[in-house]
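Student: Got a structure here, written out as C-alpha cells. Questions coming.
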Amino acid sequence: NREADILYESGIRHILLLTGEDYKRTPVEFIGAASGRISDRFPSIGIEVYPLKEEEYAFLRTQGVDSLAVYQETYDPDRYNEVHLRGMKKRMDYRLDCPERAGAAGFRKIALGSLLGLSDPAADTFFAGLHARYLMKKHWQTQISLSLPRLRPADKVPDFPSIPDSVYARFFFALRLFLPDAGLILSTRES
C-alpha cells in the first residue's frame, strides 16, 4: 500500500500491474487482492500477466482491473513453438484468445502486439492488425491498442534481426491507415 500511496501522491492515476508468466507465485487471487486494495485511489488499473480464463478476468474486473496488455510475440505457429518450449506459454491458441476472454469479461481497454524480429516482422504486423480489427468489431465497447516492440541485442544471440527505423515507422503508418481508431503504443525500449 505504501508504494501505491507514493504513486497516488505524485499524481499518477492509471497504473499497470505486472507479474510476468509466474502464475504459481502470483495467483489470480493475489492479483485481485492487490488490485482491490488500491482501486479506491486509481480509476484505471491495468494488468500485464499470464493469460487467464474469462471468469478470472471477470473476477479481476470486480476488483477494479479494467485493462489488459498481452503480447502474442509472434503469430507464426512454427516459430512460436520453437521459442516457447514448456509451461502455459507454450499454448499458442490459449494466448491468442486471451484478449477475447478479457473483452468478454468487460475490460475497457486491451493492448496487444507482436515482438518484431522473432519472425517475419511484416507478417507479424499484418496479423496483429487483423487481430486488433477483429477485437474492435467483436468488442466494440473496448478500446484496442497495438504495440510493436522490437527485439534488442542480447549476449550470446549472434543472429540478431535488425529492423531499420524507416521500416519500423512504415509498420506504424500502415497500422494507422488500417485502424484509424486504434491506439498505437511506442515501447519505452525505442529510442
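The values are calculated or read from the model by the stated rules, or taken from the named source; none is laboratory data. The shown structure was predicted, so the numbers you read here are calculated from the model rather than taken from an experiment. Here the Cβ is made from the backbone with ideal geometry for all residues, glycine too, and neighbour counts use every protein chain on show. Areas reflect the complete protein model, heavy atoms only, side chains present, ligands, DNA and RNA absent. Shrake-Rupley method; radii C 1.70, N 1.55, O 1.52, S 1.80 Å.
Student: Find the centroid of the Cα atoms in the stretch 129-168 and in the stretch 4-80, then give the distance between the two in whole Å.
Tutor: Computed from Cα coordinates, the inter-centre distance equals 20 Å.
Student: Going through the cross-link list Lys53/Lys90; Lys24/Lys156; Lys24/Lys90; Lys89/Lys156; Lys24/Lys89; Lys109/Lys138, which pairs have a Cα-Cα distance over 18 Å in this structure?
Tutor: Lys24/Lys156; Lys89/Lys156, as the Cα separations exceed 18 Å there.
Student: Just going by the charge dipole of the stretch 109-191, with Lys and Arg at +1 and Asp and Glu at -1 on Cβ, which of Gln143, Pro153, Phe172 is farthest out on the positive end?
Tutor: Of the candidates, Gln143 comes out farthest on the positive side.
Student: Right, something else. What size of dipole, in debye to the nearest 20, comes out for the chain about its Cα centre when the only charges are +1 on Lys and Arg C-beta atoms and -1 on Asp and Glu C-beta atoms?
Tutor: My answer is approximately 200 debye.
Student: Given the protein chains as shown and a 1.4 Å probe, how many square angstrom of Asp181 are accessible, to the nearest 10?
Tutor: 130
Student: Quickly estimate the mean residue ellipticity at 222 nm for the chain, helices only: each DSSP H run with n ≥ 4 gives -39500 (n - 2.57), and the total goes over all residues, rounded to 500.
Tutor: Estimated from H runs of four or more residues: -12000 deg cm²/dmol.
Student: Keeping all protein chains in place and using 1.4 angstrom, which order do Arg170, Arg13 fall into by accessible surface area, from largest down?
Tutor: Per-residue accessible area, sorted high to low, gives Arg170, Arg13.
Student: Return one whole number: the accessible area per residue of the chain in Å², for a 1.4 Å probe.
Tutor: Per-residue accessible area for the chain comes out at 56 Å².
Student: With an 8 Å cut-off on Cα pairs and a minimum separation of 6 or more residues, tell me the relative contact order of the chain in percent. Please list the in-between numbers first.
Tutor: Values: 284 pairs, mean separation 31.9, N = 191.
Relative contact order, the chain: 17 percent.
Student: What label, among (i) 50, 18, 12; (ii) 28, 19, 18; (iii) 56, 26, 13, belongs to semi-axes √(5λ) of the Cα gyration tensor in Å computed from the structure on display?
Tutor: Read-out taken from this structure: (ii).
Student: Between Thr62 and Arg37, what FRET efficiency follows from the Cβ-Cβ distance if R0 is 22 Å, with the result rounded to 0.05? All intermediate terms of the calculation are to be shown ahead of the outcome.
Tutor: Values: r = 14 Å, r/R0 = 0.62.
The formula returns an efficiency of 0.95 here.
Student: Next question, about the same structure. When only Cα pairs under 8 Å and 6 or more residues apart are kept, what is the percent relative contact order across the stretch 95-178?
Tutor: So the answer I get is 34 percent.
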